[in-house]
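Here the structure is laid out as structure tokens; the discussion comes afterwards.
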Amino acid sequence: MPSSTSEPSSRDSGRVSVRSEIGIATLQFGHPKGNSLPGALLRQMADALDALGADPEARVIVLRSNEPGPFCAGASFDELTSIRDAATGKEFFMGFARLVLAIRRCPKLIIARVHGKTVGGGVVLAAASDYVIASTSAAVRLSELAVGIGPFVVGPVIQRKIGLGAFQALAVDAATWRDAAWAERHGLFAQVTPDGEALDAAVAALAERLARSSPDAMARMKETFWQGTEHWDALLEERAAMSGTLALSPFTRDAIAAFAAK
């Protein structure tokens, strides 16, 4: 029997919904500003993943966002500009850290359905997922350096997936979009499809196969995928504090204001 739940939220905080059917749980997030990720939405997503991880009926998770528009515009610029001290800055970036850690501890395999462009925090969602199926329009970019911050919290996750060289290319050249073919070539995307119809078909086919697979085997696979990250609770907290401090600099405030005005 299909079931669905959703977290009601304001226009500013966005929305997360969960739909489950025949072993497949679909976690969908959305925000009116390009599916960006304010703190409230990050918390909802982390909580939803924890709940799905404990749900024996959910054998595989599909992560997707609202359409049309980008897959994810990254961090909320409204919240970035509202940071007034190091503590609130750290807490803002800890939202991304907690979501990554929720993905890591979730014993279910996660398929990310990436339908369009993704920036910053959206790239980390793809990198943290176990398998990414994307459309040809799914270009990626890390814009953090362009606004004076640097991809410190998201960096370990992305580097783990695509390697140091490709991560450096994204992090240093913060103004350039890398197309879906680049992302597939470097391992961020596992599969690229020509259009939305093919994207949905590919996601459904894989999710259905995984829903019939051994839950124990998949959970053990997930553990091995994340070996070597046991220290990440402390690492990501340290990186969040670093980013929170940088967000207070005059350079970053001016850069964010100029970026948001475009």
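Each value in this text was obtained by applying a stated rule to the coordinates, not by laboratory testing. If you're wondering where the values come from, they're calculated on a predicted model, not measured in any experiment. We place every Cβ from the backbone using ideal geometry, glycine too, and count neighbours over all the protein chains shown.
Sorted ascending by nearby beta carbons within 10 Å, beginning with the fewest, Trp177, Trp226, Trp232 become Trp177, Trp226, Trp232.
When each of Phe225, Phe93 is scored by the number of other beta-carbon atoms lying within 10 Å, the sequence from fewest to most is Phe225, Phe93. The dipole here belongs to region 3-260: it is taken about the Cα centre, uses +1 on the Cβ of Lys and Arg and -1 on the Cβ of Asp and Glu, and is about 200 debye. In terms of surrounding Cβ atoms within a 10 Å radius of their Cβ, Phe251, Phe77 rank from fewest to most as Phe251, Phe77. Helix-only arithmetic for the chain: the sum of -39500 (n - 2.57) across DSSP H runs with n ≥ 4, divided by the residue total, places the mean residue ellipticity at 222 nm at -14500 deg cm²/dmol. Compute the FRET efficiency between Asp254 and Asp200 as 1/(1 + (r/R0)^6), taking r as their Cβ-Cβ distance and R0 = 45 Å, and round to the nearest 0.05. For R0 = 45 Å, the calculated efficiency reads 0.60. Rg and Dmax, both from the Cα atoms of region 23-96 and both in Å, are 14.2, 44. Segment Asp50..Tyr131, full-extension length gain: 27.3 nm, with 0.36 nm per residue of separation and the alpha-carbon distance subtracted. Note: relative contact order over the chain, using C-alpha pairs below 8 Å and six or more positions apart, is 21 percent. Taking 0.36 nm per residue of sequence separation and removing the Cα-Cα distance, the Glu230/Thr81 pair yields an extension gain of 50.4 nm. Taking the DSSP beta bridges with both ends in the chain, the antiparallel portion is around 40 percent.
Computed extension length for Glu21-Thr176: 51.9 nm, one decimal, from 0.36 nm per residue of separation with the Cα-Cα distance subtracted. Pairs of lysine residues in the chain that meet both criteria, 8 or more places apart or on different chains and Cα atoms under 27 Å apart, total 13.
Inter-label distance, Leu145 to Ser213: 3.5 nm, where each label sits 7 Å from its Cα along the C-beta direction. I need the helices of the chain that pass two filters: whole DSSP H segments spanning 20 Å or more by Cα along the axis, and mean Kyte-Doolittle score no lower than -1.0. In the chain, the long hydrophobic H runs are 39-53, 86-105, 196-211, 232-246. Pop the C-beta distance of Met221 and Arg105 into the FRET formula with R0 = 22 Å and round what comes out to the nearest 0.05. FRET efficiency, Met221 to Arg105: 0.95. Database remark: amide H of Val114 closer than 5 angstrom to the amide H of Ile133, Ala134, Ser135 (H placed geometrically; neighbours at sequence offset of 5 or more, or on other chains; Pro and chain starts carry no H).
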